[in-house]
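Working notes, structure below.
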Amino acid sequence: MSRIAGCFAALKTQGRQALIPYVTAGDPNPDVTVGLMHQMVAAGADVIELGIPFSDPMADGPVIQLACERALAHNTSLTMILAMVAEFRQQNNTTPVVLMGYLNTVERMGYDVFVAKAQAAGLDGVLMVDLPPEEGHNFTQSLAQAGLDAIFLIAPTTTEERIKKICAVGSGYLYYVSLKGVTGSAKINTNEVAKKLALVKQHTQLPLGVGFGIRDADSASRVAKVADGVVVGSVLVNALGDNQDVPENGCAQVVATLTAMRQAMDA
Amino acid sequence: MTEPVALPDAEGHFGPYGGRFVSETLFAALDELRDTYEQLWQSPEFQAEFDLDMAHYVGRPSPLYHAKRLSETYGGAQIYLKREDLNHTGAHKINNTIGQALLAKHMGKPRIIAETGAGQHGVASATVAARLGLECVVYMGVKDIRRQTLNVYRMKLLGATVIGVDSGTKTLKDAMNEAMRDWVTNVDNTYYIIGTAAGPHPYPKLVRDFQSIIGREARRQSLEQAGKLPDAVVACVGGGSNAIGIFHPFLDDKDVRLIGVEAGGHGVDSGQHAAPLSVGTPGVLHGNRTYLMSDENGQIQDPYSISAGLDYPGVGPEHSYLKDIGRAEYTAATDEEALHSFRELTLLEGIMPALESSHAVAHGCKLASTMAKDQMVVINLSGRGDKDIHTVADIDGIEF
Ligand SMILES: Cc1ncc(COP(=O)(O)O)c(C=O)c1O
């Protein structure tokens with residue numbers, strides 16, 4: 001069983017949901033990331049989504065765009081990020097790590113090179129925001145052969161026909177984008193999310209994570225009632241950005257936010 | 001092999017290029033657009049509506065003008081200019097915005113958004129929006145807002161809201177990022193008019209189809225006026241819409257050379273240019289796979305050109321394909337060469353070209369000088385230069 005599948009299976013037996021923080025690798029600088037990953041696990045994170053910074057993050061709002069700019073100012077590259085994952089794995093062999101980003105960074109490295117390096121580093125899953133299933137066939141297959149999960153998005157606008165297609169190729173978990181918009185936008189409507197998740201559930205056994213619009217303990221616990229995982233990004237990234245000159249303070253805020261979310265979700 | 005004219009395939013691929021590389025939220029909208037477009041483009045009523053607007057609103061057909069003094073100056077092939085500069089609003093961009101605004105109307109979308117570099121596409125979008133009574137929001141990099149002040153004011157007069165984009169390089173690519181973000185957020189009521197033959201399928205195809213009126217006319221006019229097809233067709237390439245528009249109807253005429261001219265900036269070896277086909281590598285940006293300017297880590301590089309309309313690090317996917325199969329050739333002209341042609345065409349023919357188009361003129365003249373007098377070169381004069389007078393005056397040290 002993959003680390004991701006194992007993680008969700010264990011949570012299920014405990015009747016708990018996954019807390020899945022997103023941070024951009026290399027933000028506010030590359031020295032912070034591995035330590036922050038360990039801190040997030042200690043604060044209750046079950047899966048870590050690490051963003052690959054990109055110069056043109058079209059699906060992201062200003063918060064994550066600025067994080068990309070900070071990380072890129074330190075030349076954070078995909079090669080460096082895979083090294084961070086490997087370093088994280090030296091002390092943590094259980095928490096799944098997923099890379100999330102835009103295809104061009106992987107395309108430029110070369111798909112086969114990337115898959116081999118990712119496997120060696122101990123990565124678990126890949127979510128390319130701008131790679132839909134119909135364009136990602138070969139890549140998805142080589143990820144699967146290397147034991148890596150291909151995680152796909154489902155949106156409020158996704159038709160049932162496409163939901164079926166996505167469920168057929170996705171693995172690890174599915175990521176439901178809770179609203180029409182970019183990361184960091186408006187608040188989540190839990191009722192609407194619940195309706196759509198019920199539809200998705202008819203077509204898959206995979207765990208369902210929900211992201212976009214989750215900002216505090218309250219929204220996290222509400223989403224946890226209807227989903228298998230709660231993805232939280234912009235609020236954490238904001239804390240890192242606000243404290244970019246004193247990264248310890250940013251990390252402490254991330255820990256505080258996650259701790260509160262964890263408590264509310266488990267209550 | 002599928003004949004190039006028959007592409008893209010059903011998924012929007014031109015060989016390995018094109019496709020739909022967008023986040024999931026936009027898929028339903030792209031499907032809807034594709035289905036609407038495929039249906040309407042086949043319908044005689046829609047064609048008639050488009051043709052009528054082209055004739056009575058845009059002022060088509062645009063002339064094919066034999067530039068005799070320019071030809072004599074270079075002493076080689078006869079140079080003909082396809083006068084897209086004479087279109088309403090001053091560039092080829094209006095052909096596409098008329099077509100897409102008709103789609104928006106048929107789809108019942110009350111709000112349109114657009115990205116713009118030089119401001120020509122923004123003006124053309126604001127124009128059709130005014131005419132159809134649609135709300136119009138135009139995204140424009142703040143760097144471009146500074147160098148194209150005239151067009152910014154034109155858009156405002158036309159009732160559009162111009163939103164300055166302050167991220168990244170503050171030029172066309174960033175405006176496109178921001179327009180995509182708006183679209184994802186307002187996808188229910190908003191139609192995104194992409195201004196060039198790039199973006200996710202079906203945009204490269206439908207923009208090409210709307211712009212192909214340029215090439216159909218130029219082909220017919222060449223036969224009528226010169227009694228033959230041209231030996232070469234030359235066009236500037238930013239995202240590639242005016243170029244694919246004039247190239248496409250000539251694709252099957254294998255003896256007609258098709259030459260795209262990118263922005264060489266300070267020289268393609270200087271690192272300061274906007275010439276992905278000349279020195280780029282394939283990658284994925286703005287919804288399609290195509291040649292891009294990106295570094296070894298896959299980050300998009302800052303493009304540079306004196307002309308805002310060519311200042312883009314990617315190019316429409318069909319050009320990438322035509323380059324690979326060798327059906328079209330791509331080269332670059334520098335800022336300096338373009339400026340020279342801007343002044344020369346103005347002085348010799350009384351036609352002031354857009355700085356974008358001046359790149360095509362520069363290469364077209366160079367090419368003509370190597371050819372025989374009974375040969376023929378058609379240059380697509382994609383727009384007029386009024387909007388660039390500020391830029392040129394700055395270089396001349398003149399203040400208004
Ligand atoms: C006059 C003119 N020509 C050319 C272009 C470049 O666009 P494309 O390559 O899509 O024709 C522009 C873009 O703004 C333009 O205004």
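The values are calculated or read from the model by the stated rules, or taken from the named source; none is laboratory data. As the structure is a computational prediction, the values presented were derived from the model and not from experiment. Backbone-built Cβ (ideal geometry, glycine too); neighbour counts: all protein chains shown.
In segment B:77-102, the residues that are away from chain A (no Cβ under 14 Å) form Cβ pairs under 6 Å with partners that are away from the ligand (no atom under 12 Å from the Cβ) and charged (D, E, K, R), at six or more places apart or across chains, as follows: B:I98/B:D53.
Considering segment A:218-263 alone, what residues qualify as being part of a helix (DSSP H, G or I), among the small types (G, A, S) and buried (at least 18 other Cβ atoms within 10 Å of the Cβ)? Reasoning before the result, please.
Just the residues of segment A:218-263 that are part of a helix (DSSP H, G or I), to begin with: A:218-224, A:234-242, A:247-263.
Then drop every residue that is not among the small types (G, A, S), which leaves A:219-221, A:224, A:234, A:239, A:241, A:250, A:252, A:256, A:260.
Answer for segment A:218-263, where residues must be part of a helix (DSSP H, G or I), among the small types (G, A, S) and buried (at least 18 other Cβ atoms within 10 Å of the Cβ): A:S219, A:A220, A:S221, A:A224, A:S234, A:A239, A:G241, A:G250.
Under the condition of being within 15 Å of the ligand (Cβ to nearest atom) and surrounded by fewer than 24 Cβ atoms within 10 Å (Cβ to Cβ), the residues counted in segment B:236-257 number 1.
Identify all residues within segment B:41-76 that are aliphatic (A, V, I, L, M) and without any contact (Cβ under 8 Å) to a residue 12 or more places away in the chain; write none if there are none. Talk me through it step by step, then tell me what you get.
Going residue by residue through segment B:41-76, those that are aliphatic (A, V, I, L, M) are B:48, B:52, B:54-55, B:58, B:64, B:67, B:70.
Of everything in segment B:41-76, those that are aliphatic (A, V, I, L, M) and without any contact (Cβ under 8 Å) to a residue 12 or more places away in the chain turn out to be B:A48, B:L52, B:A55.
Give segment A:124-181 a look and list any residue that's free of Cβ contacts under 8 Å to residues at least 40 places away in the same chain, facing another protein chain (nearest Cβ under 7 Å) and of a type in the set (G, A, S), or say none. Within segment A:124-181, just A:A155 meets the criteria. For segment B:143-161, the set of residues classified as within 21 Å of B:A130 (Cβ to Cβ) and surrounded by fewer than 20 Cβ atoms within 10 Å (Cβ to Cβ) consists of B:T149, B:L150, B:Y153, B:K156, B:L157, B:G159, B:T161, listed by residue number.
The one condition from (1) within 17 Å of the chain's Cα centre (by Cα); (2) without any contact (Cβ under 8 Å) to a residue 60 or more places away in the chain; (3) buried (at least 24 other Cβ atoms within 10 Å of the Cβ) that A:D60 does not meet is (2).
Only one entry in B:A354, B:A362, B:A372 is away from the ligand (no atom under 13 Å from the Cβ) and buried (at least 17 other Cβ atoms within 10 Å of the Cβ), namely B:A362.
Being crowded, with 24+ Cβ neighbours inside 10 Å, aromatic (F, W, Y), away from the ligand (no atom under 14 Å from the Cβ) and modelled with pLDDT of 95 or more holds for only one residue in B:Y65, B:Y80, B:Y139, and it is B:Y80. The requirement of being among the polar types (S, T, N, Q), within 13 Å of chain A (Cβ to nearest Cβ) and not in a helix (DSSP H, G or I) is fulfilled nowhere in segment B:174-183; no residue meets it. For segment B:302-319, the count of residues that are closer than 21 Å to A:D56 by Cβ, modelled with pLDDT under 95 and away from the ligand (no atom under 16 Å from the Cβ) is nonzero.
Restricting segment B:289-304 to residues that are part of a loop (DSSP other than H, G, I, E, B) and touching a residue at least 60 places away in the same chain (Cβ under 8 Å), the residue that is surrounded by the fewest Cβ atoms within 10 Å (Cβ to Cβ) is B:D302.
Per-residue answers, yes or no, for (1) within 14 Å of chain B (Cβ to nearest Cβ); (2) in contact (Cβ under 8 Å) with a residue 40 or more places away in the chain; (3) under 27 Å from A:R262 (Cβ atoms):
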| position | (1), (2), (3) |
| --- | --- |
| A:P28 | no, yes, yes |
| A:I52 | yes, yes, yes |
| A:S55 | yes, no, no |
| A:Q90 | no, no, yes |
